[in-house]
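**Student:** My structure is below; once you've seen it, I'll send some questions.
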Amino acid sequence: MAYIAQHTDMLRVMVDHQKYLSDQQHPGEAIRQYRSLAAVETYDPHIILDMPISKVELVHGLFEALITWPRVDLQNAPFIKNRMDAARTFRFLLDLQATGIVKLSDKGRFCEGRRGCFNPYLGELGDRGDRGYRSERKERRRRNNDDEDDLNNNKGDEDGEDGEKKREFYIPPEPSTDEAEIFGTTISSGINFSKYDHIPVKVSGIDPPAAFQKFEDAKLRDIIAANVTKSGYKLATPIQKVAIPVITAGRDLMACAQTGSGKTASFLLPILTKLLDDATDLEIGKPQAVIVSPTRELAIQIYHEARKFSYESYLKISILYGGTSVKYQNESIMMGCHVLIGTPGRLLDFVERAFITFDDTRFLVMDEADRMLDMGFSESMRKIVNHCTMRAEHQTLMFSATFPEEIQRMAGEFLNNYVFVTIGVVGGACSDVKQTIYEATKFNKRSKLMEMLKESADGTIVFVETKRGADFLASYLSETEIPTTSIHGDRLQSQREQALRDFKSGRMKILIATSVASRGLDIKNVKHVVNYDMPRVIDDYVHRIGRTGRVGNNGRATSFFDVEHDSAIATDLVKILEGSEQQVPDFLRALDRGYGGGGASQFGGYDVRGSGNALKDVCAVEEDQDWA
């Protein structure tokens, strides 16, 4: 794009301002009126000073706007800060057109407005001016709201608030290349690690490969094994002992294990090893391994884990997730990508734009598969698995802490001759977490929380149900001089990532979170999890408290149970407490007897293909890896 080099300074100013024209007066109409002044032989930018310009948000259309001018109106150019900037920008674009650097398309001529048209003053039928483009853009934005909290946002907040998602042109900071930082967030094994050798592992399928007992027997590539050692892993976890040989043998896998059971390393280590052992030419836009995750935060952590285990190798790791610059992420992929981690929405968006294809994909991993399939991503996953470019010979691997029967049947569409693995009690909570349940109401929760935080606040995650509640509670605690931050789907991606960095570094003692942080996140030194608001289904409870007590370390979880609102999960909560050898409070046991309900649990961990397959105990469970 020649004009970029010729107008570097102007482009830099545009990007720095990060603003665009408001639609108080449609800019296309303003331009049309301006150009109709036949008597004006020179472009006078001061005419634009009368345009109404107000506070607006940033969108991702700068380069597209310049290339296609004037088919795309100025609302797609995120660079207007005030009226004078608008005038200068308008003059700049017209100068580009006059010099021939940007040419007026045949389809770009102005036309009469049409009712219901996205842009009633620009484009023709079938072009960017018709309804099809509007719905296409709306669908693309919906897909890029690509995690559970974002999906909830489409329906408004839990208390009925219906807010527009803020948008930003966000480029995340470059990941660290310092070895100490890359390996410095590993969660060391705790004092209870050895007891997991007594938890059963069940394996079913035709001729499953034998498990190994030590990392030395895992047949990892030397450079990968060295990075495992640098990460501080001395003993393999039960899921790793079983899953790594299965993946190495080229088999499809469905694995169910407790939250924090080492699932991430169990698929990354063999995949990275096989990519190094059976190296093939790397083609642009054709990743050789694709890992799909339901949330942005989990995708980011898997990305850092992959970078850690592939450290000092030639393997290139990339990531796709919503809330960040498409151009920036595409540039990363264009530099070459062996392993691609992504959320379903952004990944499918890149596929449909033909930025990536699956021609060379040898491994397809669905992490937290139950959430992706059960919470609205089933069609996206089917489109990915059944995409016309998907390589016929590839391994499909599915991992999760829960696998209800109906999800297993759906997953059966994606797997061939797979090995099914369950670790301990599927859907159960880790016994290393001391769980305490208090009866509470919405009127006394805050005072109870303050009492606990006065004793110890460091490393505490507080889960709430609504995004508004998260911000309110974070503000309240900050005013009491307790450093607190929040994370939820309405925060900009830069704010979400900064909140996690502040909490991990200890700059903020408390993290207030919605369900966006409940799955998969391994944060070092999380000492206490508080369920300020109980979740609606018991599986979310298991995932929430699983943020502490990892890798054999002791953890603590406190929950405020409101009888008026939380009775539906009472029966399942009692089962969880009993299954993890925790004390059941009298009020909860009485409620369980009287309610006799439940039904919210999605437990299930047996192979639905039938009981004829041999089951064999192999080893035990342990907790998940850290996330850089």
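The values are calculated or read from the model by the stated rules, or taken from the named source; none is laboratory data. What you are looking at is a predicted structure, and each value in this text was computed from that prediction instead of being measured. No Cβ is skipped: glycine too gets one built from the backbone with ideal geometry, and neighbour counts run over all protein chains shown.
**Student:** Of the residues that sit in segment 368-379 and are in contact (Cβ under 8 Å) with a residue 24 or more places away in the chain and surrounded by fewer than 24 Cβ atoms within 10 Å (Cβ to Cβ), which one is nearest to R391 (Cα to Cα)?
**Tutor:** The qualifying residue nearest to R391 (Cα to Cα) is S378.
**Student:** A further question follows. Inspect segment 350-358 for any residue being surrounded by fewer than 23 Cβ atoms within 10 Å (Cβ to Cβ), under 16 Å from T396 (Cα atoms) and touching a residue at least 24 places away in the same chain (Cβ under 8 Å) and give the result as yes or no.
**Tutor:** Yes, segment 350-358 has at least one match.
**Student:** Which strands (runs of 3 or more DSSP E) does segment 449-568 wholly contain that include 2 or more residues that are within 17 Å of the chain's Cα centre (by Cα)?
**Tutor:** 484-487
**Student:** Let me ask another. Quick one: how many residues across segment 309-330 are of a type in the set (V, I, T) and modelled with pLDDT of 95 or more?
**Tutor:** Count: 2.
**Student:** Among the residues of segment 238-265, write down those that are of a type in the set (S, T, N, Q) and under 21 Å from D539 (Cβ atoms).
**Tutor:** Q258, T259, S261, T264
**Student:** Output the strands (runs of 3 or more DSSP E) that fall wholly within segment 267-344 and possess 1 or more residues being free of Cβ contacts under 8 Å to residues at least 24 places away in the same chain and of a type outside the set (S, T, Y), or say none.
**Tutor:** Strands (runs of 3 or more DSSP E) meeting the threshold: 317-320.
**Student:** Looking at A306, is it modelled with pLDDT of 90 or more and in contact with a Phe, Trp or Tyr (Cβ under 6 Å, 6 or more places away or on another chain)?
**Tutor:** Taking the combined requirement at face value, the residue does not satisfy it.
**Student:** Scan segment 438-488 residue by residue and report those that are of a type in the set (A, V, I, L, M, F, W, C), without any contact (Cβ under 8 Å) to a residue 24 or more places away in the chain and within 27 Å of S505 (Cβ to Cβ).
**Tutor:** Scanning segment 438-488 gives a single hit, F472.
**Student:** Identify all residues within segment 555-575 that are in contact (Cβ under 8 Å) with a residue 60 or more places away in the chain and more than 14 Å from M534 (Cα to Cα); write none if there are none.
**Tutor:** Listed by number, the residues that qualify are G555, R556.
**Student:** Out of D592, D566, which single residue is at pLDDT 80 or above and more than 24 Å from D458 (Cβ to Cβ)?
**Tutor:** D566
**Student:** Which residues, counting only those in segment 232-270, are surrounded by fewer than 23 Cβ atoms within 10 Å (Cβ to Cβ) and under 17 Å from Q395 (Cα atoms)?
**Tutor:** Listed by number, the residues that qualify are P245, T248, A249, G250, R251, D252.
**Student:** So how many residues does segment 431-444 have that are within 30 Å of the chain's Cα centre (by Cα) and buried (at least 19 other Cβ atoms within 10 Å of the Cβ)?
**Tutor:** The qualifying residues number 5.
**Student:** Take E479 and decide whether it is under 25 Å from R501 (Cβ atoms), crowded, with 18+ Cβ neighbours inside 10 Å, assigned by TED's automatic domain parsing to the domain that holds Q495 and among the acidic types (D, E).
**Tutor:** Criteria not met by E479.
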